[in-house]
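The values are calculated or read from the model by the stated rules, or taken from the named source; none is laboratory data. Fair warning: this is a prediction, and the values are worked out from it, not measured in the lab. With ideal geometry, Cβ positions are generated from the backbone for all residues, glycine too; neighbour counts draw on all protein chains shown.
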Amino acid sequence: MPERGLLIVFSGPSGVGKGTVRAAIFESSQHQFDYSVSMTTRQQRPGEVDGKDYFFTTREAFEEKIKAGQMLEYAEYVGNYYGTPLEYVNRTLDEGKDVFLEIEVQGALQVKEKVPDGVFIFLTPPDLAELRGRLSGRGTDSLDVINERMEKAREEIKLMSEYDYAVVNDEVHLAVERVKKIVEAEHFRVDRVIGRYQNMVEMTTYASENDANAHCE
Ligand code: 5GP
């Protein structure tokens, strides 16, 4: 059975550039990451593809999934549900692949409760003015929604202390390299690999004992 993959929770305020950084990581990495496509009840934006950017669904269908225990986490964010379907994440981790979640902070904190050995990375803007500029620049949200997202961002940045790593998104290529280094290093943590070496030592002991016994006979 392959070793279980790492669950990488990539989070941070809306507009900070999580999607851009994630896409660049996937494009430029030799590493085998799988992206968990989230489910949402928000309106599909022009250019978004159902099943690739999100699984777009209704509130009723989303609430059914919550009731059935089929979501790893979910949050209500600016009037809409967003969540991570559980089955895909478990199956992919079991196949030994790392899974990348790109989610907001309430959801990330739920994952931390359920999967404490996940890798929790907070992507932060260099400053709030830059964040507002990015949200307005997208041209997809009304001023009210932008203000709501900015208010939320302030609360979210305060929760950075719950994460393992803070990565500033000053320049996309720098943020990408920082995240890749974190994931690489996480694979070498002793608590993740020690089981493999304990097995190796035990197998060697038995093999050498058998060898020694064979020579004596
Ligand atoms: P947007 O509407 O801009 O696509 O997303 C709004 C916020 O929801 C972003 O911060 C985004 O990362 C977050 N989000 C996307 N998918 C999920 C998810 O599955 N769970 C949670 N908790 N947040 C998500």
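For the reader, a short list of remarks on this structure follows.
- For the range 14-31, taking the residues that are part of a loop (DSSP other than H, G, I, E, B) and either touching a strand residue (DSSP E or B) at 6+ places or on another chain (Cβ under 8 Å) or farther than 21 Å from D164 by Cβ (or both), the one that is nearest to the ligand (Cβ to nearest atom) is identified as S14.
- Test set (1) of a type in the set (D, E); (2) closer than 26 Å to R132 by Cα; (3) modelled with pLDDT under 95 - D34 fails condition number: (2)
- Within the range 70-84, the set of residues being within 8 Å of the ligand (Cβ to nearest atom), in a strand (DSSP E or B) and over 14 Å from T57 (Cα atoms) comprises E73, A75, Y77.
- Pair list, Cβ < 9 Å and 6+ apart or interchain, from the range 14-34 residues that are at positive phi to residues that are surrounded by 20 or more Cβ atoms within 10 Å (Cβ to Cβ) and outside any helix (DSSP H, G or I): G15/P125; G17/L123; G17/P125; G17/N169
- If you go through the range 1-20 and keep only what is of a type in the set (D, E, K, R) and closer than 20 Å to K181 by Cβ, you end up with just K18.
- Residue list for the range 96-135, restricted to those being part of a strand (DSSP E or B), away from the ligand (no atom under 16 Å from the Cβ) and over 20 Å from K158 (Cα atoms): D98
- One residue stands out among those in the range 38-55 that are within 15 Å of the chain's Cα centre (by Cα) and surrounded by 17 or more Cβ atoms within 10 Å (Cβ to Cβ): the one that is nearest to the ligand (Cβ to nearest atom), which is S38.
- D34 satisfies every condition listed in (1) within 12 Å of the ligand (Cβ to nearest atom); (2) part of a strand (DSSP E or B); (3) touching a helix residue (DSSP H, G or I) at 6+ places or on another chain (Cβ under 9 Å) except (1).
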